[in-house]
Structures are given as structure tokens and as C-alpha cells.
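*Asks:* Pasting in a structure now, in C-alpha cells, and then I'll have a few things to ask.
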Amino acid sequence: MRFLLPTLLFLLCTQLAFAGQSYIRQYSAALEQSEWQLRHNTPLRCEISHPIPGFGEAVFHSEAGKEVNLWFELKMLQQPDAYALAEVLSLPPRWRPGEQPRAIASMRLLKQFDGDLPKESAWAMLHELERGYQPTFYFSDWYRPDNKVVASLNPVQFPTVYRDFNHCISLLLPYRFDDIAFTVLSYEVGGDQLTRESRRRLAAIAEYLKHDDAIEVVQIQGHTDTYGGRWMNEQLSIRRAEKVKSFFVEAGLPEHRIEVEGFGQRRNVAPNQRVQDRAINRRVVVQMTRP
């Protein structure tokens with residue numbers, strides 16, 4: 001039943017249009033107009049787009065993060081002026097005559113917003129396009145509810161771009177800016193040697209910085225425990241912070257965006273009586289900001 005209702009609505013509207021009781025505005029790229037582009041292809045973002053002449057643009061994108069993600073956006077030249085609901089159908093190609101449209105999802109249209117769909121529906125649309133089917137958006141005009149709007153994606157030129165899109169997704173970093181914007185690096189006793197886990201963390205940050213040129217400021221603050229004398233600890237904290245700075249500069253981050261400060265033992269976050277507490281105080285804090 002969940003596939004039957006949208007299909008019946010689609011066929012009914014088509015019949016009404018021929019009977020003169022309704023009007024359908026159809027938008028779709030012709031065969032010679034169909035164009036798919038891999039617009040972003042980096043370890044931070046993958047994006048493909050498809051113009052729909054006279055209507056807008058369809059965009060699929062995925063971003064770096066701990067989990068595989070995918071979003072779809074229907075960017076319309078004329079955004080909705082009222083709340084509406086669009087049925088998303090998969091229309092069969094001409095070489096499959098007699099096959100009925102199949103429902104993919106229902107998409108909410110909010111006033112003055114583009115349409116969007118979550119991961120499951122977006123993947124379903126991609127799979128339909130891969131099979132040569134046409135994901136189609138079907139909704140009522142917000143000014144003339146008796147008129148219908150139909151906007152379709154053309155699968156021509158899609159397979160090659162989709163292959164590149166999937167390859168891009170496989171290379172996305174397993175973390176994003178929010179995951180590394182605030183990082184605490186830990187040190188071995190008495191020097192500027194990072195622990196093994198902190199070295200891995202620093203390498204991950206450096207890899208991210210290679211691909212994000214929007215980083216505005218990186219603040220590096222060095223700290224120590226209370227052993228070794230106040231002046232010596234302050235110098236050690238500066239040396240630790242400067243070493244991290246050098247690592248970022250070598251990774252390609254402009255030096256003028258990096259701020260370094262050493263606090264020595266002045267800002268301990270744990271007591272210094274126990275070994276494990278002193279290990280917490282031996283740290284460098286890295287904070288990054290973007291516009």
C-alpha cells in the first residue's frame with residue numbers, strides 16, 4: 001500500500017492534466033543537457049551535482065566524520081512560499097514500458113528553504129539513478145494547489161561520476177573539524193617527547209590541516225607538572241609548544257596563524273602527588289578556530 005498511493009496520485013494527476021482540470025509544470029534535463037559533476041573531491045567533502053534547467057539543482061554530498069554520511073539537497077530557483085509535501089518517485093526508463101513508478105520517500109518543503117532528504121532516501125535515489133531510473137519530485141504549486149510541479153533527475157552521464165563519488169567517499173577522513181578543534185596532547189616524563197597516542201593524534205590533526213584552508217587561528221598552550229623548578233618548567237612548556245608549532249608549519253599551516261604560549265606549572269589541572277596526576281599536568285592544549 002505504501003507504494004500504491006503515490007503511484008495512484010501520480011497517474012490521477014496525469015489523467016486530470018489531459019482532461020484539462022489540472023496543469024503540470026515539468027522540469028528535466030534533456031539527453032543532451034544532462035550533466036553530472038563531481039564538484040568536491042577531497043578527504044573532507046565529496047559532492048556531485050546535477051542541474052535541472054529552469055528549476056534548480058540536485059546535490060548529493062558526504063563529509064568527513066566517524067560514520068559514513070550522505071545528504072541530498074534540492075536547490076530550487078523559486079523556494080517554497082508555504083509548507084508542502086513532495087512525493088519522491090522513481091520513474092522507469094523508456095526501455096521498460098508498462099512498469100509503474102515506485103515511491104522512494106516523502107520530502108517536506110518548508111517556507112523559504114530548499115528541500116532535503118536524509119541518508120537512507122539519498123542512497124535509494126543514487127541506486128535508482130545507477131539502474132537508469134529517474135528520481136522525480138512531485139508536488140503541488142504553493143500558489144495554485146490545483147497545478148502540479150514535476151522535477152526529474154536524468155541518469156544520463158551519471159555512472160562515471162557516481163563511481164568517482166564512491167571512490168571519494170572511501171577516502172574521507174574518519175574525523176571532522178569538531179573532533180580535533182580541541183585537543184590535549186600528553187608527554188613522557190621530563191622532556192618534550194609526546195606519548196604514542198598523542199603522536200597519533202597530532203598526525204591526524206596535521207593530515208586534516210592539509211585539506212582545510214579555512215583554519216583561522218591555532219592556539220598552542222604548553223603546561224608541565226610541578227617537578228623541576230618553576231623557571232625550568234616554564235621553558236620546558238614553551239619548548240613543547242614550539243615543537244608542536246613546528247610540526248604544524250611543516251604540515252603546511254601558515255606560521256602567522258599559530259599562537260604559542262607556555263604556562264609551566266601555573267595551570268595544573270590535577271594534584272602532583274601521584275604519578276597519574278602528574279601525567280595529566282604534562283600536556284599541550286591545541287585549540288583551533290574557523291570563521
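*Asks:* With the checklist (1) part of a loop (DSSP other than H, G, I, E, B); (2) among the aromatic types (F, W, Y); (3) surrounded by 13 or more Cβ atoms within 10 Å (Cβ to Cβ) in hand, flag the one item W95 doesn't pass.
*Replies:* (3)
*Asks:* Would you check which residues across the range 101-120 are in contact with a strand residue (DSSP E or B) (Cβ under 6 Å, 6 or more places away or on another chain), outside any strand (DSSP E or B) and surrounded by fewer than 18 Cβ atoms within 10 Å (Cβ to Cβ) and list them?
*Replies:* Matches in the range 101-120: D114 only.
*Asks:* Those residues that are surrounded by 13 or more Cβ atoms within 10 Å (Cβ to Cβ) and not small (G, A, S), I need them from the range 200-215; list them, please. Break it down stepwise before answering.
*Replies:* Taking the range 200-215 first, the residues surrounded by 13 or more Cβ atoms within 10 Å (Cβ to Cβ) are 201-202, 204-212, 215.
Of everything in the range 200-215, those that are surrounded by 13 or more Cβ atoms within 10 Å (Cβ to Cβ) and not small (G, A, S) turn out to be R201, L202, I205, E207, Y208, L209, K210, H211, D212, I215.
*Asks:* Additional query: Going by the structure shown, is V269 open to solvent by 40 Å² or more (accessible area, probe 1.4 Å), among the β-branched types (V, I, T) and at pLDDT 90 or above?
*Replies:* No.
*Asks:* May I pose another question? Which is at pLDDT 85 or above, open to solvent by 40 Å² or more (accessible area, probe 1.4 Å) and more than 22 Å from G65 (Cβ to Cβ), of I238, I258?
*Replies:* Working: I258 fails: open to solvent by 40 Å² or more (accessible area, probe 1.4 Å).
Criteria check complete, one pass: I238.
*Asks:* OK, next. What number goes with the only condition from (1) closer than 27 Å to R45 by Cβ; (2) over 24 Å from the mean Cα position of the chain (by Cα) that E130 does not pass?
*Replies:* The single condition E130 does not satisfy is (2).
*Asks:* Please give the helices (runs of 4 or more DSSP H) falling wholly within the range 137-234 in which 1 or more residues are touching a His at 6+ places or on another chain (Cβ under 9 Å) and farther than 26 Å from N281 by Cα. Walk me through how you get there before you give the answer.
*Replies:* On the way: elements: 158-170, 177-180, 196-209.
Answer list for the range 137-234: 158-170.
*Asks:* Need the failing condition index for L171 against (1) among the hydrophobic types (A, V, I, L, M, F, W, C); (2) touching a helix residue (DSSP H, G or I) at 6+ places or on another chain (Cβ under 9 Å); (3) under 30 Å from Q37 (Cα atoms), just the number.
*Replies:* Going through the list (1) among the hydrophobic types (A, V, I, L, M, F, W, C); (2) touching a helix residue (DSSP H, G or I) at 6+ places or on another chain (Cβ under 9 Å); (3) under 30 Å from Q37 (Cα atoms), L171 breaks only (2).
*Asks:* Mind checking which residues of the range 69-84 are out of contact with any His (no Cβ under 7 Å at 6 or more places or on another chain) and either in a loop (DSSP other than H, G, I, E, B) or open to solvent by 90 Å² or more (accessible area, probe 1.4 Å) (or both)?
*Replies:* Of everything in the range 69-84, those that are out of contact with any His (no Cβ under 7 Å at 6 or more places or on another chain) and either in a loop (DSSP other than H, G, I, E, B) or open to solvent by 90 Å² or more (accessible area, probe 1.4 Å) (or both) turn out to be N69, L70, L77, Q78, Q79, P80, D81, A82, Y83.
*Asks:* Among the residues of the range 58-65, are any more than 30 Å from A204 (Cβ to Cβ) and modelled with pLDDT of 95 or more? I'd like the intermediate steps shown before the answer.
*Replies:* Of the range 58-65, the ones more than 30 Å from A204 (Cβ to Cβ) are 58.
With the extra rule that they be modelled with pLDDT of 95 or more, the set shrinks to 58.
Taking every residue of the range 58-65 in turn, at least one turns out to be more than 30 Å from A204 (Cβ to Cβ) and modelled with pLDDT of 95 or more.
*Asks:* Going by the structure shown, is Y187 of a type in the set (S, T, Y), under 24 Å from the mean Cα position of the chain (by Cα) and surrounded by 18 or more Cβ atoms within 10 Å (Cβ to Cβ)?
*Replies:* Details: of a type in the set (S, T, Y): yes; under 24 Å from the mean Cα position of the chain (by Cα): no; surrounded by 18 or more Cβ atoms within 10 Å (Cβ to Cβ): yes.
No: the conditions fail for Y187.
*Asks:* If V275 satisfies all but one of (1) under 20 Å from E197 (Cβ atoms); (2) in contact (Cβ under 8 Å) with a residue 40 or more places away in the chain, what's the number of the condition it fails?
*Replies:* The number of the failed condition is (2).
*Asks:* When residues of the range 47-68 are filtered for being part of a loop (DSSP other than H, G, I, E, B), touching a residue at least 12 places away in the same chain (Cβ under 8 Å) and not β-branched (V, I, T), how many remain? Reasoning before the result, please.
*Replies:* Of the range 47-68, the ones part of a loop (DSSP other than H, G, I, E, B) are 53-55, 64-68.
Next, from what is left, pick out any that are touching a residue at least 12 places away in the same chain (Cβ under 8 Å): 53-55, 64-66, 68.
Checking the rest, the ones that are also not β-branched (V, I, T) come to 53-55, 64-66.
Result for the range 47-68: 6.
The values are calculated or read from the model by the stated rules, or taken from the named source; none is laboratory data. Being a predicted model, the structure only gives us computed values, none of them experimental. Because the Cβ atoms are built from the backbone with ideal geometry, glycine has one as well, and the counts that use them run over all protein chains shown. The accessibility values were calculated without ligands, DNA or RNA, using every heavy atom of the protein model including side chains. Shrake-Rupley method; radii C 1.70, N 1.55, O 1.52, S 1.80 Å.
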